[in-house]
Amino acid sequence: MEIIKDVFHKKSNKRMEIIDVTDDINDLIVKHQIDEGIINVFAKHSTAGIVINENESRLIKDFETTLERLIPENNNYGHDLIDNNADSHIRAFLIGSSETIPIKNGSLDLGTWQRAFFVELDGPRSRNFVVTIIGKG
Ligand code: ZN
């Protein structure tokens, strides 16, 4: 059993953007030659998140629209007096900053329609993700 630490970086291009990072994560499993175990992906940011769901373009748009509807921008938030991105933080509270996914036969053991996403909530900017793998080759 090994414990491996690594990172990957991803750049967003919009204020809110949902980016499929499944291949980035699988590449790290291959790079470290892990066959069985678990992988944790952690966004080191309070206005970005990691989430698992289906990569269907209309659903992605629906998710963005729902976040905007539930947590609108400029809604008299206290934090907006400090740096004007309270909506980004509150959306991130709901999404969460990490996911832990099983590894099976050298890749992510996801359901048929499941993918891993980086959810940008205050872009565009470059983001860092810490990856911890516990497993064996
Ligand atoms: Zn802030």
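Values computed for the structure shown
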{"quantity": "Portion, in percent, of the accessible area of region 2-136 that falls on carbon or sulfur, probe 1.4 Å", "calculated": "50"}
{"quantity": "Computed FRET value (nearest 0.05) for Thr65 with Leu94, which takes r as the C-beta separation and R₀ as 25 Å", "calculated": "0.95"}
{"quantity": "Candidates per GluC sites (Glu not before Pro) in region 40-123, loop by DSSP, up to 15 other Cβ within 10 Å", "calculated": "Glu56, Glu73"}
{"quantity": "Under the Karplus curve 6.51 cos²θ - 1.76 cosθ + 1.60, θ = phi - 60°, whole-Hz ³J(HN,Hα) for region 98-109, x wherever Gly or Pro sits", "calculated": "8, 9, 10, 10, x, 10, 9, 6, x, 8, 4, 8"}
{"quantity": "Cα extents of region 2-136 along the three principal axes, largest first (Å)", "calculated": "50, 30, 22"}
{"quantity": "Region 2-136, accessible area per residue, ligands and nucleic acids excluded (1.4 Å, Å²)", "calculated": "55"}
{"quantity": "Two-site FRET efficiency, Lys14 against Ser107, from Cβ-Cβ distance with R₀ of 30 Å, rounded to 0.05", "calculated": "0.55"}
{"quantity": "Rounded to the nearest 10 Å², the accessible area of Asp83 at probe 1.4 Å", "calculated": "80"}
{"quantity": "Span from the region 1-75 Cα centroid across to the region 82-137 one, whole angstrom", "calculated": "3"}
{"quantity": "Exposure of Leu110 as accessible area (Å², to 10), given a probe of 1.4 Å and all protein chains", "calculated": "40"}
{"quantity": "Positive-pole candidate from Val21, Thr66, Asn53, dipole of region 1-78, charges at beta carbon", "calculated": "Thr66"}
{"quantity": "Lys, Arg +1 and Asp, Glu -1 on Cβ, resulting dipole of region 16-133 about Cα centre, debye, nearest 20", "calculated": "140"}
{"quantity": "Residue-level accessible surface for Phe8, protein heavy atoms, 1.4 Å, Å²", "calculated": "20"}
{"quantity": "Taking the chain and dividing mean pair separation by its residue count, relative contact order in percent (alpha carbons under 8 Å, at least six apart)", "calculated": "55"}
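The values are calculated or read from the model by the stated rules, or taken from the named source; none is laboratory data. Only a predicted model underlies this, so the values are computations on that prediction, with no experimental measurement involved. So basically every Cβ, Gly included, is an ideal-geometry build from the backbone, and we count neighbours across all protein chains shown. Accessible surface is based on the protein model in full, side chains and every heavy atom, while ligands, DNA and RNA are left aside. Shrake-Rupley method; radii C 1.70, N 1.55, O 1.52, S 1.80 Å.
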